[in-house]
Amino acid sequence: MRLDIIGSVASGKTTLAREISEKYKIPFYEKDNIIWERTPNGDKKRSPEERDRIFKEIIESRDWIVEGSPRKSLKESFLYCDYIIMLDINTCNRLFWVFRRWIRQRTGKEKYNSRPTLKFLYYNIKWVFEFNGERETIIESLSKYGRKYTICNNAKQAMQFIEKMYS
């Protein structure tokens, strides 16, 4: 199984990838953690060479799930994966999840990669709306992959698609 799960910030990509990973015993990787090295002193952006080496090792392995926001880099997985799943969750839900996640992280109830500052909250809200503006372009760029990609409006629909494809 080789899956690439894409979508907006707070669309449920990581949660879905984790659920699939646990169910099918396949490793999953967050694209953010390929781009950023997480250190005790904060995030450090990897060099393009290091990022590409790590990503290549992942996508050349037998089974994997990668998830992240659609990026100009790290699209090579589209060529190697069995399926691309785009989580297309409505804006109100994503905004609610941005705020919920931020509060849970601020109160220590949820782990985080980036510190849940007001600035980071602002960027997450901004990224939700940027995705909305890029949505049609993303869908158009995915169309060249034919039946290899699907758009799901919620995690349940995505799981049903995966179960159907891998039954």
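Listing for the model above:
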| read-out | value |
| --- | --- |
| Residue identified as among the basic types (Lys, Arg), over 14 Å from the mean Cα position of the chain (by Cα) and at pLDDT 95 or above among 104, 18 | 104 |
| Test: residue in segment 53-64 that is surrounded by 17 or more Cβ atoms within 10 Å (Cβ to Cβ) and closer than 20 Å to residue 165 by Cα | yes |
| From 75, 44, 23, residue being outside any loop (DSSP other than H, G, I, E, B) and at pLDDT below 95 | 44 |
| Neighbours by Cβ (under 7 Å, 6+ apart or cross-chain): first from segment 9-38, among the acidic types (Asp, Glu); second assigned to a helix (DSSP H, G or I) and open to solvent by 60 Å² or more (accessible area, probe 1.4 Å) | none |
| Condition met for residue 164 (over 14 Å from the mean Cα position of the chain (by Cα), within 25 Å of residue 26 (Cα to Cα), open to solvent by 90 Å² or more (accessible area, probe 1.4 Å) and charged (D, E, K, R)) | yes |
| Residue ID - surrounded by the most Cβ atoms within 10 Å (Cβ to Cβ), chosen from residues in segment 84-124 that are among the aliphatic types (A, V, I, L, M) and in a helix (DSSP H, G or I) | 98 |
| Residues of segment 22-40 classified as open to solvent by 20 Å² or more (accessible area, probe 1.4 Å) and over 11 Å from the mean Cα position of the chain (by Cα), total | 10 |
| Residue list for segment 128-141, restricted to those being open to solvent by less than 90 Å² (accessible area, probe 1.4 Å) and within 16 Å of the chain's Cα centre (by Cα) | 128, 130, 131, 132, 135, 138, 139 |
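The values are calculated or read from the model by the stated rules, or taken from the named source; none is laboratory data. Bear in mind the structure is a predicted one, so any value in this text is a computation, not a measurement. Counting neighbours? That spans all protein chains shown, and the Cβs are built from the backbone with ideal geometry, glycine included. We work out accessible area using only protein heavy atoms, side chains counted, and drop any ligands, DNA or RNA first. Shrake-Rupley method; radii C 1.70, N 1.55, O 1.52, S 1.80 Å.
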